[in-house]
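Undergrad: Sending over a structure as structure tokens; questions will come in a sec.
The values are calculated or read from the model by the stated rules, or taken from the named source; none is laboratory data. All of these numbers come straight from a predicted model, not from anything done at the bench. Cβ coordinates were reconstructed from backbone atoms using ideal geometry, including for glycine residues, and neighbour counts include every protein chain displayed. Each accessible area value is taken on the protein alone, full model and side chains, heavy atoms only, with ligands, DNA and RNA left out. Shrake-Rupley method; radii C 1.70, N 1.55, O 1.52, S 1.80 Å.
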Amino acid sequence: MRTEIDALLPLVRTVLAVAETEHVTDAAHLLGIPQPTVSRHLARAGSALGVDLVERRGRGIALTPAGHVLVPYLARAVREIETGLDAMADEDARVRGRVAIAFQNTLGERVVPRLIERFRRDRSGVTVELDQGARDRCLARLDRGESDVAFVALGDEHRDRSTELFSERLVLAVPAGHRLADRPDVPRAVADVADEPWVTMAHGYGIRSVHELLWRAAGSTPAIAFQGQDIHTVRGLVGAGLGVSVLPPEVRPSEPVQAHTVDLPLSDAHAERRIGMVWSDRVLPPQAAAFRDLVISEGRAVLR
């Protein structure tokens with residue numbers, strides 16, 4: 001490397017500031033350094049290059065012909081360095097970084113793991129932070145900036161920052177010995193079991209919101225026998241004969257086991273839930289934005 005470059009590099013910002021302001025005092029103010037330091041930098045630059053870059057002109061200074069030739073190259077070099085630093089930061093964020101994901105409990109077995117696995121194929125160094133719980137908890141974390149995205153049952157309140165991944169029909173879950181269980185292919189309605197005890201989820205869970213919508217549509221106010229905080233618990237209580245519920249269909253194991261509940265199709269229009277991703281209204285960090293974009297573009301195919 002030429003010795004002139006070694007000497008000039010620490011002084012480039014000063015030379016460019018003087019070229020912009022044509023005044024030592026203004027250049028010092030722009031750089032946030034004392035005026036004598038600017039003067040010393042100019043003297044050192046001229047000494048290292050063997051030519052003067054500035055000259056006195058009235059109460060200010062101006063570039064010499066040599067300075068006019070050099071300054072555009074210095075400015076271009078600074079822009080290239082800034083571009084390189086941005087590229088470096090982007091690459092560092094691509095291979096490292098963090099994504100904070102909130103999700104409803106029912107989405108932790110299949111949906112969230114598959115999407116994370118797809119994302120980390122190209123970003124193995126990214127840290128993924130998980131938090132699971134009720135729908136309201138997930139959305140509250142999103143609003144507080146504690147999570148970047150949330151996988152929940154979608155409503156109408158986040159249309160401008162959400163994407164649907166799939167929808168599923170819900171079923172009427174009844175105990176195996178229930179009066180309706182002997183005809184499992186006949187569609188039923190919530191009104192058919194309006195007078196029976198119900199097992200539901202606690203307030204704040206997505207399924208509880210669906211239950212309340214179904215009850216209102218059926219014009220019923222059912223007796224709530226139990227409130228759970230987990231779909232498996234609710235189904236277990238139904239299987240014990242303690243009430244009925246509306247739930248996602250049960251995934252039966254490959255090997256036959258004794259079933260304690262029977263899933264009946266529902267004719268009610270609102271017996272479904274839309275599952276999707278909601279993202280924060282804040283500017284997302286690079287990795288979180290990359291995860292959001294991947295789910296939007298590939299999420300449906302990944303979960304197919």
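Undergrad: By how many degrees, 0 to 90 and rounded to 10, does the Cα axis of helix 12-21 deviate from the longest principal axis of the chain?
TA: Relative to the chain, helix 12-21 is tipped by roughly 80 degrees.
Undergrad: Still on this structure, please answer the following. Mind ranking 236-247, 111-122, 165-176 by how tightly packed they are, going by the mean number of other C-beta atoms within 10 angstrom, highest first?
TA: Final packing ranking: 236-247, 165-176, 111-122.
Undergrad: Below 15 angstrom from the Cβ of residue 198, what's the summed charge of the other residues (Lys, Arg +1; Asp, Glu -1)? Don't jump to the answer; show the numbers that get you there.
TA: Numbers: positive: 188, 208, 216, 235; negative: 192, 195, 196, 212, 268.
Within the 15 Å Cβ shell, the charges total -1.
Undergrad: In whole Hz, with x marking every Gly and Pro, tabulate ³J(HN,Hα) for the range 180-196 from phi via Karplus 6.51 cos²θ - 1.76 cosθ + 1.60, θ = phi - 60°.
TA: Values per residue, Gly and Pro as x: 9, 6, 7, 10, x, 9, 8, x, 10, 10, 4, 4, 5, 10, 4, 8, 9 Hz.
Undergrad: Tabulate in residue order the Karplus-calculated ³J(HN,Hα) for the range 56-68, using 6.51 cos²θ - 1.76 cosθ + 1.60 with θ = phi - 60°, rounded to whole Hz; enter x for Gly and Pro.
TA: Per-residue couplings from phi come out as 5, 8, x, 8, x, 9, 9, 5, 6, x, 5, x, 4 Hz.
Undergrad: Also: Give the long-range amide H neighbours of residue 54: residues separated by 5 or more places, or on another chain, with amide H under 5 Å away, using H modelled in the peptide plane at 1.01 Å from N.
TA: Amide H neighbours of residue 54: 64.
Undergrad: Got a sec? What order do 235, 40, 274, 216 fall in by accessible area at 1.4 Å, biggest, i.e. largest, first?
TA: The ordering from most to least exposed comes out as 216, 40, 274, 235.
Undergrad: Under a 5 Å amide H to amide H cut-off, with H placed in plane at 1.01 Å, what residues pair with residue 97 once short-range neighbours are removed?
TA: Placed amide hydrogens put 127 under 5 Å from residue 97.
Undergrad: So for 268, 26, 185, what's the accessible-area order with a 1.4 Å probe, most first?
TA: My answer, sorted largest first, is 185, 26, 268.
Undergrad: Still on this model: Under 5 Å between amide H atoms, partner at least 5 residues away or on a different chain: which partners does residue 275 have, H built in plane at 1.01 Å?
TA: Under 5 Å from the amide H of residue 275 lie the amide H atoms of 154, 165, 166, 167, 168, each far enough along the sequence or on another chain.
Undergrad: Could you run the Karplus curve 6.51 cos²θ - 1.76 cosθ + 1.60 with θ = phi - 60° over the range 241-251 and give me ³J(HN,Hα) per residue in whole Hz, x for Gly and Pro?
TA: The phi angles translate into x, 9, x, 10, 7, 10, 9, x, x, 7, 8 Hz.
Undergrad: Using mean Cβ contacts within 10 Å as the protection proxy, how do 143-155, 283-295 order, highest first?
TA: 143-155, 283-295
Undergrad: Cβ neighbours within 10 Å, averaged per peptide: list 30-38, 186-194, 99-107 in order, most packed at the top.
TA: 99-107, 186-194, 30-38
Undergrad: Quick one: of the DSSP bridges fully inside the chain, what percent are antiparallel, nearest 5? Each step should come with its number before you reach the end.
TA: Details: 24 of 40 bridges.
In the chain, approximately 60 percent of DSSP beta bridges are antiparallel ones.
Undergrad: Only helical DSSP H runs with n ≥ 4 go in: add -39500 (n - 2.57) per run for the chain, normalise by residue count and round the 222 nm mean residue ellipticity to 500 deg cm²/dmol.
TA: It comes out at -13500 deg cm²/dmol, rounded to the nearest 500.
Undergrad: Here is a follow-up. Rank these by accessible area, largest first, 1.4 Å probe: 205, 73. Don't jump to the answer; show the numbers that get you there.
TA: Numbers: 205 35, 73 135 Å².
I get 73, 205, largest accessible area first.
Undergrad: Computed from these coordinates, which is Rg/Rh (Cα atoms, Kirkwood Rh): (1) 1.12; (2) 1.33; (3) 1.08?
TA: Here Rg/Rh (Cα atoms, Kirkwood Rh) agrees with entry (2).
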